[in-house]
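The values are calculated or read from the model by the stated rules, or taken from the named source; none is laboratory data. Just so it is clear, the model here is predicted, and its values are computed rather than measured. No Cβ is skipped: glycine too gets one built from the backbone with ideal geometry, and neighbour counts run over all protein chains shown. Side chains are part of the model used for accessible areas, which takes the heavy atoms of the whole protein and leaves out ligands, DNA and RNA. Shrake-Rupley method; radii C 1.70, N 1.55, O 1.52, S 1.80 Å.
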Amino acid sequence: AAPEDTVLVDDGRARKGPMAAAWSPPQPEMRHWNLHGISGWELPFAVGVALAERDLGRMRPVLAVTTAASVLATISALTTAVQLRLPLVTVALNEHGQRLHALAAAYDARTTSIRGIDALAEATAAAWSHDGPTVVNVLPQ
């Protein structure tokens, strides 16, 4: 449940399987994804997109879909998003139980953890009502 004008930054997971049911895919000019298996670009890229949206006066919200490992590798980008209160929701698939929730909270980001993607639509809907970035930590069921 993302706002209609959401810009999507995706590592490839949002377009397929049960993840695709959580939101409608945006228009082609509003999505950025990697088809080459490179990890770690999503969060910094999403912060850059959110900054560009702010600077261009559009303020469209940004949704990043990635893995917890990718977020952990680039966690410093979250500091920028927090300091600038960017409208960014990061959905992190935490397949290996990394301690993402505590680390994101230590960076003063709003965090929520859910078990499985069945609760994803509700969690992202709640995240959009928050002023600033939110990390949705998706743990295995």
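Odds and ends about this structure:
- Where a residue in the range 103-124 is among the acidic types (Asp, Glu) and its partner, wherever it lies, is outside any helix (DSSP H, G or I) and open to solvent by 40 Å² or more (accessible area, probe 1.4 Å), with Cβ under 7 Å and at least six apart: none
- Test: residue in the range 6-19 that is touching a Pro at 6+ places or on another chain (Cβ under 7 Å) and either at pLDDT 90 or above or in a strand (DSSP E or B) (or both): yes
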